[in-house]
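Working notes, structure below.
The values are calculated or read from the model by the stated rules, or taken from the named source; none is laboratory data. Being a predicted model, the structure only gives us computed values, none of them experimental. Neighbour counts run over all protein chains shown; Cβ positions are idealised from the backbone, glycine included.
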Amino acid sequence: MVKPDLTVIPKHVAIIMDGNGRWANQRGLPRTIGHTKGVEAVREAVKAAGEAGVEYLTLFAFSSENWSRPETEVTDLLGLMRRFIRRDLAELHRSNVRIRIIGDRRNLQGDLLPMLLEAEETTRANSGLTLVIAFNYGSRNEILRVIERLAVDVAAGLLRPEDIDAAMIDGRLDTAGIPDPDLIIRTSGEERLSNFLLWQAAYSEFLFIPDFWPDFDRQMFFDALKTYAARERRFGGLTTKPAAVAG
Ligand code: IPE
Ligand code: IPE
Ligand code: MG
C-alpha cells in the first residue's frame, strides 16, 4: 500500500463513523457485531492518521441522541466504549497519542466518566496525534452549555453582551484549543451532520463515502486525504492556490 504523496495534509480530520448496523444487517448478523467490527476500524483510522501526520482526529462515537436507541443497543455501545478504553489505552499511550473527550459529561453513570477522565489524564503530556473522542456529544447541547455560561457571566456583571465574540465561544466549547476540522468524513452514504460540530464545521470540507464504517481502512483514509488535497478552500475570499502558469 502506497502512502499518497501529500503536500496538503489536513491538520484536523473528523469522522462520523456510520453504518455499523447496516453492515451487520447485510450479513444477517446482530447490530452489535457491526459495532464490535467498528472498533477495529477505529484502530485502523487512528494508526493511519498518525502515519499521515494528521495532528487531530475526532471520532463521533456516541451522540447525545443515541440514548434514544433500544436499551440493549445503548448498553452494548457503552460496553464497547469501556472495553476500548480498558484494552487500548496502554497501547495508545505507548504510541504517544493524546486523548481528549468532547461531549456532555453531566449525568454519565457509573464508571464511565472516571474512565474517560483517566484516559485524558494518562495521555495528557503526549505529543503525538490528538485523538478526540466525541462521546455523549451533540453540537446543540455543546453550544447551549456555552450560552448558559456566558449568560451567567453577563448576569453577574462580569461580561457585557456586546463584548461576546467568536473567540469567546471557541474558547468555551468542548473543543477549546482544538483547531476547526479541515475535513469531515461520513461513512455509510448518509449525507448529513447529525448534530456534529455545527459551529466548528463552518469552513470544513465534507467527504461522504458509501462504505459502512466496519469496512473503513487505511487505504480509504489515505484516499480521503488525497481528495482533500485536491480541494480548493477559499474561506469566503478568493482562490488560495497559485494560478497555473500558462505554456
Ligand atoms: C454508527 O453505526 C455507530 C453509532 C451511531 C454509535 P449505526 O449504529 O448508526 O449504524 P446504522 O446507521 O444503523 O447502519
Ligand atoms: C451519528 O450517527 C452519530 C454517530 C456516528 C455516533 P447516527 O446513525 O446516530 O445518525 P442519524 O440518526 O442517522 O442521523
Ligand atoms: Mg447510523
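For this structure, a couple of remarks:
- Within region 29-52, residues that are closer than 19 Å to HIS93 by Cβ and surrounded by fewer than 21 Cβ atoms within 10 Å (Cβ to Cβ) reach partners that are of a type in the set (Phe, Trp, Tyr) and modelled with pLDDT of 95 or more with beta carbons closer than 6 Å, at six or more positions or on different chains, in the pairs VAL39/PHE84.
- Taken across region 178-192, residues that are surrounded by fewer than 12 Cβ atoms within 10 Å (Cβ to Cβ), more than 16 Å from ligand 2 (Cβ to nearest atom) and farther than 30 Å from ALA24 by Cβ do not occur at all.
- Number of the condition not met by PRO10 [criteria: (1) within 16 Å of ligand 3 (Cβ to nearest atom); (2) in contact with an Asp or Glu (Cβ under 7 Å, 6 or more places away or on another chain); (3) not hydrophobic (A, V, I, L, M, F, W, C)]: (1)
So that you can scan it fast, the table gives a plain yes or no per residue for (1) under 21 Å from PHE221 (Cβ atoms); (2) within 16 Å of ligand 3 (Cβ to nearest atom); (3) buried (at least 17 other Cβ atoms within 10 Å of the Cβ); (4) at pLDDT 95 or above:
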site: LYS3; (1), (2), (3), (4): yes, no, no, no
site: ASN20; (1), (2), (3), (4): yes, yes, yes, yes
site: ALA24; (1), (2), (3), (4): no, yes, yes, yes
site: THR72; (1), (2), (3), (4): no, no, no, yes
site: LEU77; (1), (2), (3), (4): no, yes, yes, yes
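- Boolean, SER63 is within 16 Å of ligand 3 (Cβ to nearest atom), in contact (Cβ under 8 Å) with a residue 60 or more places away in the chain and farther than 16 Å from LEU225 by Cα: yes
- Of all residues making up region 79-125, the number that are polar (S, T, N, Q), surrounded by 14 or more Cβ atoms within 10 Å (Cβ to Cβ) and within 18 Å of ALA48 (Cα to Cα): 1
- Check on ARG149, free of Cβ contacts under 8 Å to residues at least 24 places away in the same chain, away from ligand 3 (no atom under 16 Å from the Cβ) and either surrounded by fewer than 18 Cβ atoms within 10 Å (Cβ to Cβ) or part of a helix (DSSP H, G or I) (or both): yes
- From the list GLY236, GLY177, the lone residue that is over 18 Å from VAL13 (Cβ atoms) and out of contact with any Ser or Thr (no Cβ under 9 Å at 6 or more places or on another chain) is GLY236.
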